[in-house]
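Trainee: I have a structure I would like to understand better, so I am pasting it below and will then ask my questions one at a time.
The values are calculated or read from the model by the stated rules, or taken from the named source; none is laboratory data. What you see is a predicted model; the values in this text were computed from it and never measured. Every residue, glycine as well, gets a Cβ built from its backbone with ideal geometry; the counts of neighbours run over all protein chains shown. Heavy atoms of the whole protein, side chains included, go into the accessibility calculation; ligands, DNA and RNA do not. Shrake-Rupley method; radii C 1.70, N 1.55, O 1.52, S 1.80 Å.
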Amino acid sequence: MIVACAAMAVALAVALAWRSAWAPAAGALAGVAIALGGGAVELGDVERAARDLWRPMIVIVGIMATAACANKLGVFTQLAAWIEPYTHGPVRFAFRVVFALSALVAATLSNDAAILLFTPVVIELIRQMYPLRHEKLVVPFAFAVFVAAGVAPLPTGNPMNLVVAERAGIHFNAYVAHMLPVAIVGWFVAYAMLAHCFRAELADEVPARGRMKTAVPIGTPAKIVIATAGASVISYPILAELGARLWFVAAPAALICVLAAHRGGVPVRRIAGAISWELLPFVFGMLVLATALARAGATSELADLYARSSAPVATVGVIGALGSAIVNNHPMALLHSIALHGAPDRMVYAALVGGDLGPRMLPIGSLAGLLWLHGLRRRGLAIPLSMFVRVGAIVTIPSLVVSLVVLWLVTM
């Protein structure tokens, strides 16, 4: 147990303290080295982790490549052009559209794509349209993008949901049938609470006075990427019904998008540079470290706790949320993946709900949250920790409660 905990502590310390894109990967691999050296895991555990992860990893890379192509071809900038007309009314109109589009991007591509790629576009739009008021409005709109990426209605919407669902044997259609209602209700609750947090800013009835820079119309390559991404999402339920793997579509779709972007003048190296390759060794290392903790008995303790609980869905969801906020959603999700092995699917769904919502409460909860804050600072927008925690608690606690109630109802 001491070696396993030390390995996980080193992994998280390096991932969170070292200001480098590859810090999470380096930390996870350092933790694996400690676990192997200390006998907490064996080489067989490393091999099993690789066998478990290669298929979902292909899907994750495919989605990241598709999102990168869309970004380089101006698709996200075009979304800003759709928002611009709504800025000519009360501020809350544009706020609603930003939240809805962010939720759509998170659902169809991924939470990370919505948070990391759409946030800069929205910030620039607000600064252009509200030149005299952007200082008080840009924070609520940035939070709208961050919060809208809540419970993933599709397993492809969050890399960890895809990995955990794959390991639990939960098929795409079963996942959607249970999690889509949870996500929809969660969106409404999150929007209502976020609007309450920034009710003073959203009470502004004065239309925008600025002008948006002319958006370049998207060309044929961008339309090919949009069509390919849409066709991929539509095909996932069909593949699941036929018993086929998602990577059968995700990989060719990504290749089509890369070729289309290359035809549109985007070098392949720029697309490759926009893919978060460091996520792959990080997730792999975290699964090995979760295995080390499982061997030491940590996951058995969790499993016993859930078995004794009179409300297991709520217990799993709350512990998943708190663990994700305090430790980080990646290791918490993988610990749950082992602890809930053989448990009813509703317990796995509860863990995923907690893992999706918990990182809103503390920046350490997700890599995307840390990168979101870092990106805001680079654009001259500093979010104090106290504000992040306050908004996160006000939005997350009601969203978590309602989401778990809906999950309980759909899994009765």
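Trainee: With a probe of 1.4 Å, find how much accessible area region 104-172 has per residue, and write the answer as a whole number in Å². Write down the numbers at each step before the final one.
Mentor: Working: 1820 Å² over 69 residues.
Accessible area per residue, region 104-172: 26 Å².
Trainee: Tell me the label only: which of [x] 208; [y] 185; [z] 130 is volume of the Cα convex hull per residue in Å³ as calculated from this structure?
Mentor: [z]
Trainee: Could you give the nm distance between label points at residue 184 and residue 385, where each point is 7 Å from its Cα heading toward the beta carbon?
Mentor: So the label points at residue 184 and residue 385 sit 4.0 nm apart.
Trainee: Compute the distance in nm between two label points, each set 7 Å from the Cα along the Cα-to-Cβ direction, one at residue 5 and one at residue 135.
Mentor: About 4.8 nm, to one decimal.
Trainee: With a 4.7 Å Cβ cut-off, tell me which Cys residues in the chain come up empty for a partner.
Mentor: 5, 197
Trainee: Can you tell me the length gained on complete extension of the stretch residue 204 to residue 305, counting 0.36 nm per residue apart and subtracting the Cα distance? Please report the intermediate quantities before stating the final value.
Mentor: Values: separation 101, 0.36 × 101 = 36.36 nm, distance 4.87 nm.
Here the answer is 31.5 nm.
Trainee: Set the Förster distance to 45 Å, then compute FRET efficiency between residue 241 and residue 93 from the Cβ-Cβ distance, nearest 0.05.
Mentor: After rounding, the FRET efficiency stands at 0.70.
Trainee: Sticking with this structure for a sec: All other residues with a Cβ under 15 Å from the Cβ of residue 116 taken together, and with Lys, Arg as +1 and Asp, Glu as -1, what is their net charge?
Mentor: On the way: positive: 72, 377, 378, 379; negative: 112, 124, 278.
So the surrounding residues net to +1.
Trainee: Still on this model: Express the carbon and sulfur contribution to the solvent-accessible surface of the chain as a percent, rounded to the nearest whole number, probe 1.4 angstrom.
Mentor: Values: 11400 of 17140 Å².
The computed percentage sits at 67.
Trainee: Figure the gain on full extension for residue 212 and residue 52 (residue separation times 0.36 nm, minus the Cα-Cα span) and round it to one decimal in nm. Don't jump to the answer; show the numbers that get you there.
Mentor: Values: separation 160, 0.36 × 160 = 57.60 nm, distance 4.71 nm.
My answer for the length gained is 52.9 nm.
Trainee: Beta carbons within 10 angstrom, averaged per residue: use that to sort the peptides 379-390, 46-57, 324-335, highest first.
Mentor: Details: 379-390: 12.8, 46-57: 16.2, 324-335: 25.7.
Listed from highest to lowest mean packing, they are 324-335, 46-57, 379-390.
Trainee: At a Förster radius of 35 Å, what calculated FRET efficiency corresponds to the Cβ-Cβ distance of residue 248 and residue 42, to the nearest 0.05?
Mentor: Details: r = 32 Å, r/R0 = 0.92.
According to the calculation, E is roughly 0.65.
Trainee: Apply 1/(1 + (r/R0)^6) to the Cβ-Cβ distance of residue 374 and residue 401, taking R0 = 45 Å, and write down the FRET efficiency to the nearest 0.05.
Mentor: Once rounded, the FRET efficiency stands at 0.90.
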